[in-house]
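Trainee: The structure is given below, and queries will be raised subsequently.
The values are calculated or read from the model by the stated rules, or taken from the named source; none is laboratory data. Since this is a predicted model, take the numbers as computed values, not measurements. Because the Cβ atoms are built from the backbone with ideal geometry, glycine has one as well, and the counts that use them run over all protein chains shown. Quick note on the areas: whole protein, heavy atoms, side chains included, nothing else; ligands and nucleic acids left out. Shrake-Rupley method; radii C 1.70, N 1.55, O 1.52, S 1.80 Å.
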Amino acid sequence: MIDALVNGLVILMDPFRMLMLFAGVAIGITVGILPGLGGLMGMALVLPFLFGMDSYAGIAMLIGIAAAVPSADTFPSVLMGIPGSSGSQATIMDGYPLARKGQAARALSASFMASLIGGLIGAVALTALIPFARPLVLAFGSPELFMLTILGLSMVGVLSGSRPILGIIGAVAGLTLGMVGGAPVAPEYRFVFGELYLYDGFSLVILALGLFAIPEIIDLMAKGGSIAQRGPGLGGGWMEGVRDTLRNKWLVVRHSLFGVIIGAIPGMGSSIIDWLNYGYVVQTSKDRSQFGKGDIRGVIAPEAANNSREGGVLMPTLLFGVPGSSAMALFLGALLIFGIQPGPALLRDDLDLVFVIIWSLAIANVMGTVICLALSRPIARLTFVPFYFIAPVVLCIVILGAFQETRHWGDLVALLGFGLVGWLMKRIEMPRPPLLIGFILSGLAERYLWMSYNLYDWDWVYRPLVITIGALCIGLVIGGIWLKRRSAGSAATASDNDGQERLADNRAGEEAQKGAQS
Amino acid sequence: MKPNTLIAAGVAGMVGFAAFAAPAQADYYEGQTIRIIIPFSAGGGTDTFGRLIAQHLGNHIPGNPTVVAENVTGAGGLLGSNEFAERVEKDGMTLITASGHLNLRAFLGLEGLRLNLEELTPVVAGPMGHVTAFNTQTSGVSTFAELLESDVRITKGITDPVGLVESIVALEVFGVDYRAVPGYGGRGDTRVAFERGELVINSQSTPAFNARVQPLIDEGTAEVAYAIGFIDADGNPVRDPAAPDLPTLAEVYQEIHGEMPSGEAWEAYKVVANLVQNTRGTIWVHSDVPQEAHDALRQGVDAMVLDPEFIEAAGNILEGYDIISGSGLDQIKAELDAAPAEIVTWVQDLLTNNFEVSFDR
Amino acid sequence: MTQDAYPIARRLRTAFVVALLILFIAVAWAAQDFRLGARLFPVYIGMAGAALCVIELLRQLITRGRQKLSDEPNTADLSVEADEQTAAGYLRALSFFGWMLGYYALTFVFGFTLATVIFVPSLLILRFRAPFLASAAIAGGLVLLIVALQYFLMLRVPRGLTHGMLPWPF
């Protein structure tokens, strides 16, 4: 194993391969920054050039793309409240409020630092866990996967804040929206009204852009001014973000490992990972009053996880030849071009290649972070420019990004429609994340429930892991209610916060508040 | 997961020095661009096959046209297929890459699909076999004959029933009483579920079987039931060239029952297995394009398959099978035309009764 | 903060929940004809959604005019400022949806690139009174970006009715 580790690095150190790795990172950053485009797009872009290329160089390039996208997609999420790709939706929740407070540089650098550590932990975890990954992957059958979708749905409670009923309604509306198109277990197209465009259902990318990007662009144009409502605060620079991340190092480690594990379970899809992590960090934090208003932990947790997950999704991809995410499906296709058959035999016969992948992942994460950090300072200045100069550019790019989904006018209609719904939901203060979560989990929940029933009738509910996850869901819901009660008093008084407030101050304030109440 | 629809176009097969080496009389494809529609998302087996052909075909067609592969995804392949069937000029400038199962859908007349194989001519095709295995741990039996006798619940993962039809018809030949579990995303997902013990019986493409199911057999948790195998020009079953050691369905049947399989299921099997497996990747052109186009395409393919550069590139992608060109294509076309209507009806009824699939004709 | 601080939002919230109630009932109703495997999920989810909507409407009815915990600032989504919750704030935002619709209309006729050339300076100059030069520079930069994205990232742009009648790069 050690010699394969060294061999992998030696193989990768070839100048051409390093150049291709770098090219992959550059493409990944470009498609990551552009809203609506993600790793899938980047990989599809280079696919035609892989025929005839050196296989290690080609793989390095693809891994470079996969590793760089979750770092770079933070830019639009933080700066404009626009999901840069499907993996950075949750970053908006706290990253964007920070940018509005003039702390964009802090949020970005904290995020990139978390991404770097997360990415490296993902690479190390892939190395360390790959011998044990098989039992992990095999432990999650249809019943367990169904329970995981329930776990995701029970996050809705905590992500609905002070509006639980509206949040749950939103989640149910998301489940309903997810039913459009082909049904997962029967040859039936539901609610398509004869439109071929609807046969595949709505696209998550367009839904996310519509719900978050369009309302933000519209409201910022309507309000005037710049994204940042205040000038850059004292010490609100990029070093502070790095310090934020280092101060929360255990949080980074915890969420990186969580990202790896959820990523390694095939069949869940990777777009739910950042929401699960966001819900997890909100759930486990003592002081929750600042989440949604610019709590740096709400940036660090999902960003650590969305980089580390690439280490996780590679496990089922390499071990079983089943894609852990849609971009990995393309990666599998590329392996086919190079004549590489993923599977257990790969670990036995071609461990060098596995380590080329791992090294590429680690190096690409470092490259991606360095480039993003270098870009973050000048790009963060955009938040101080009058927004009407930025708005048409962003609108144009969002429309262009949405159009790449199917290149059909339906994409544009859906974008505008979801934009109107998202704007309305924002105005009536109905939380939008539950709708997105419901949408992502809709097909999965239906599919795995039917499969569990067909496989085991109702006996599946007695499986130990099912009971464990079920208990976790109940604990999450009850814990959520209890914590909400406890922090309700402090949330009511901490109405106006001035952005420069430190978490520690808040926490102290909350303690004092509690003391005063009792 | 929903297939993420995305279209990526790749320009392949550059024009070269066509301008300098202009032949005496103008070639049909001189200075033209051939567009190959791939109705699937980038990265899959059929997509890779289409891209391989797009990369090399232009160099060999007289006049060296540019060949562009374009993924037109959506509605499970309907969008791209219907565009090709109804909305392109029939001048030979647009081709389509179909998978074996898309061909089968067209053959059976699946609801909503406008592709009609009777109006198309194959340009080039690549075959792919399949192998069925069963889980010995979950079932508690070690041979397929015992499995047929036992009363364990034989679970079979269903992705898209039409996409698994050769394995479903094969189970019908044996009269296996299985429990269908629909909802799996693809054959890869069913393989993981099979390895986990959720599914008792599972069918994989032969390359996937060799790489990922064979280790389970070596480990003792699975056993081969039968290879689907191919049917030769005379209608006799032959072994899968990528798995020459595995007995075909007919051999296993003979061993268990002492006679060759017969009846409607067997007749349907012979048609379906060959259609799906011989045309795993197929490039089609409309039959009523000008004769010059047909000639030029065939000339191009015949030259391409002899090109050492193509052979090397194709080695990985065809995964142990030989590409089908020339007379092999004529045979595919002939088999399609000769398929009896009652067999089509039988397969349609099977899919409708067991899986509620609807057909247009 | 009393509930009637944002009367428009409150009425819209009720209207939105009513609309969702109708949607959920329609979903559960329309699903009756589906095959079994496609029917159960929409029927039950639709009924659950409808029940939740009724509960929410009852809650809104009961808490009318009363200050309740659930009418405090929303911590689960980006917050909205007070001046946006006025009638003028709503109209201002809606007018930009109108602009966006105009962008679509231009795209439908002229294709995306030319539509951008017309739309961006119009928006900047007519609506924001931006300097002409800056507006032209942004439009020009965007066209360059669109062309570059088409060339390097193989993106496609929506085509208009005039497709094929205009010179490159439109």
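Trainee: From other protein chains only, count the Cβ atoms within 10 Å of every residue's Cβ in C:110-120, then give the mean.
Mentor: Per-residue shielding by partner chains comes out at 2.
Trainee: Taking springs between alpha-carbon atoms closer than 10 angstrom, which of B:298, B:196, B:280 fluctuates most in the Gaussian network model of chain B?
Mentor: B:196
Trainee: Right, something else. Straight-line reach only, C-alpha to C-alpha below 15 angstrom: list the aspartates and glutamates that residue B:270 could link to, leaving out same-chain residues fewer than 8 apart.
Mentor: Hits, sequence-local ones excluded: B:166, B:172, B:232, B:234, B:240, B:251, B:335, B:337, B:342.
Trainee: List the residues, sorted by chain then number, that are 5 or more residues from residue B:285 or on another chain and whose placed amide H is less than 5 Å from its amide H.
Mentor: Residues meeting the criterion, in which the H sits 1.01 Å from N, are B:121, B:123.
Trainee: DSSP loop GluC sites (Glu not before Pro) in region B:46-94 with at most 10 other Cβ atoms within 10 Å of their Cβ, which ones?
Mentor: In loop regions of region B:46-94 (DSSP not H, G, I, E or B), the sparsely surrounded GluC sites (Glu not before Pro) are B:89.
Trainee: On to the next question. Taking 31 Å as the cut-off for C-alpha to C-alpha distance, list the pairs among B:90/B:156; A:249/A:293; A:223/A:249; B:90/B:333 that go past it.
Mentor: Cα-Cα > 31 Å for B:90/B:156; A:223/A:249; rest within.
Trainee: Which ³J(HN,Hα) values, rounded to whole Hz and listed in residue order, are derived for region B:118-135 from phi using the Karplus coefficients 6.51, -1.76 and 1.60 in 6.51 cos²θ - 1.76 cosθ + 1.60 with θ = phi - 60°, glycine and proline given as x?
Mentor: 5, 9, 10, 10, x, 9, 7, 9, x, x, 7, x, 9, 10, 9, 10, 10, 8
Trainee: With everything on Cα atoms, drop me the angle between helix C:7-30 and the longest principal axis of chain C, reported from 0 to 90° to the nearest 10.
Mentor: 80 degrees
Trainee: Please tell me the relative contact order of region A:2-488 in percent, rounded to the nearest whole number, where contacts are Cα pairs under 8 Å and at least six residues apart.
Mentor: With pairs under 8 Å counted, the relative contact order is 29 percent.
Trainee: Starting from the Cα of residue A:459, step 7 Å toward the Cβ, then list every residue of region B:125-139 with an amide N under 20 Å from that point.
Mentor: From region B:125-139, the list is B:134-139.
Trainee: Expressed as an acute angle from 0 to 90° and rounded to the nearest 10, what is the orientation of the C-alpha long axis of helix B:327-338 relative to the principal long axis of chain B?
Mentor: Roughly 60 degrees between the two axes.
Trainee: On a 1.4 Å probe surface of the protein chains, which of A:453, B:226 comes out largest in accessible area, and what is the full order?
Mentor: A:453, B:226
Trainee: Rounding to the nearest 20 debye, state how big the charge dipole of chain A is about its Cα centre with +1 on each Lys and Arg Cβ and -1 on each Asp and Glu Cβ.
Mentor: 1340 debye
Trainee: Right, another one. Can you send over the carbon and sulfur percentage of the accessible area for the protein assembly as shown, probe radius 1.4 Å, protein chains only?
Mentor: 62 percent
Trainee: Let me ask something else about it. What does the extension gain come out to for residue B:287 and residue B:334, with contour length at 0.36 nm per residue minus their alpha carbon separation?
Mentor: Value of the extension gain: 15.5 nm.
Trainee: Let me ask something else about it. Please report the buried accessible area for the interface of A with B, total over both chains, probe 1.4 Å, in Å² to the nearest 100.
Mentor: 4500 Å²
Trainee: Whole Å is fine, so just give me how far the alpha carbon centre of region A:365-424 lies from that of region A:230-303.
Mentor: Taking the Cα centre of each part, region A:365-424 and region A:230-303 sit 22 Å apart.
Trainee: Then there's this: Could you work out which residue, out of B:27, B:91, B:151, moves most in a Gaussian network model of chain B, that is, has the largest mean-square fluctuation with Cα springs under 10 Å?
Mentor: B:151
Trainee: Could you identify which residue out of C:36, C:12, C:101 has the top mean-square fluctuation in a GNM of chain C using Cα springs shorter than 10 Å?
Mentor: Between C:36, C:12, C:101, it is C:36 that shows the largest mean-square fluctuation.
Trainee: Relative contact order of chain B: what whole-number percent is it, with Cα pairs under 8 angstrom and at least 6 residues apart?
Mentor: 24 percent
Trainee: Then there's this: Go through region A:186-268 and name the chymotrypsin sites (Phe, Trp or Tyr not before Pro) that are in a DSSP coil and have 11 or fewer other Cβ atoms within 10 Å of their Cβ.
Mentor: A:193
Trainee: Share of antiparallel DSSP beta bridges in the protein assembly as shown, in percent to the nearest 5?
Mentor: 65 percent
Trainee: Figure the gain on full extension for residue C:54 and residue C:81 (residue separation times 0.36 nm, minus the Cα-Cα span) and round it to one decimal in nm.
Mentor: Value of the extension gain: 6.9 nm.
Trainee: Around residue B:358, which amide H atoms from residues at least 5 apart in sequence, or from another chain, sit under 5 Å from its own amide H, with H modelled in the peptide plane?
Mentor: Here the answer is B:111, since their amide H atoms fall under 5 Å of that of residue B:358.
Trainee: Another question, then. Could you calculate the contour length gain from residue B:256 to residue B:353, that is, 0.36 nm times the residue separation minus the distance between their Cα atoms, to one decimal place in nm?
Mentor: 32.1 nm
Trainee: Now a separate question. Per residue, how much accessible area does chain B show when a 1.4 Å probe rolls over the protein heavy atoms, in square angstrom?
Mentor: For chain B, the per-residue accessible area is 37 Å².
Trainee: Taking each residue of A:204-210 in turn, how many C-beta atoms of other protein chains fall within 10 Å of its C-beta, and what is the average?
Mentor: Partner-chain Cβ atoms within 10 Å, mean over residues of A:204-210: 1.
Trainee: Using θ = phi - 60° and the Karplus form 6.51 cos²θ - 1.76 cosθ + 1.60, what ³J(HN,Hα) does each residue of region B:166-177 get, whole Hz, x for Gly and Pro?
Mentor: Computed from phi, the couplings for region B:166-177 are 5, 6, 5, 5, 4, 5, 5, 4, 7, x, 5, 9 Hz.
Trainee: Quick query: amide H of residue B:130 versus all other amide H atoms, modeled in the peptide plane; which residues come in under 5 Å with a sequence gap of 5 or more or a different chain?
Mentor: Here B:206, B:228, B:229 satisfy the definition.
Trainee: Give a residue-ordered list of calculated ³J(HN,Hα) values for region A:354-359 (Karplus: 6.51 cos²θ - 1.76 cosθ + 1.60, θ = phi - 60°; whole Hz; x for Gly, Pro).
Mentor: Along region A:354-359, the couplings run 4, 6, 4, 4, 5, 5 Hz.
Trainee: Report the label-to-label distance for residue B:119 and residue A:370 in nanometres (one decimal), using points 7 Å from each Cα along the Cα→Cβ vector.
Mentor: Rounded to a tenth, the inter-label distance reads 5.8 nm.
Trainee: How far apart, in nm, are two points set 7 Å out from the Cα along the Cα-to-Cβ line at residue C:32 and at residue B:179?
Mentor: If labels sit at residue C:32 and residue B:179, their model points lie 3.2 nm apart.
Trainee: Whole Å is fine, so just give me how far the alpha carbon centre of region A:171-201 lies from that of region B:124-179.
Mentor: After rounding, the separation between the Cα centres reads 30 Å.
Trainee: Another question, if that's okay. Mind checking A:337-346 for the average number of partner chain beta-carbons within 10 Å of each residue's beta-carbon?
Mentor: Mean number of neighbouring Cβ atoms from other chains: 5.
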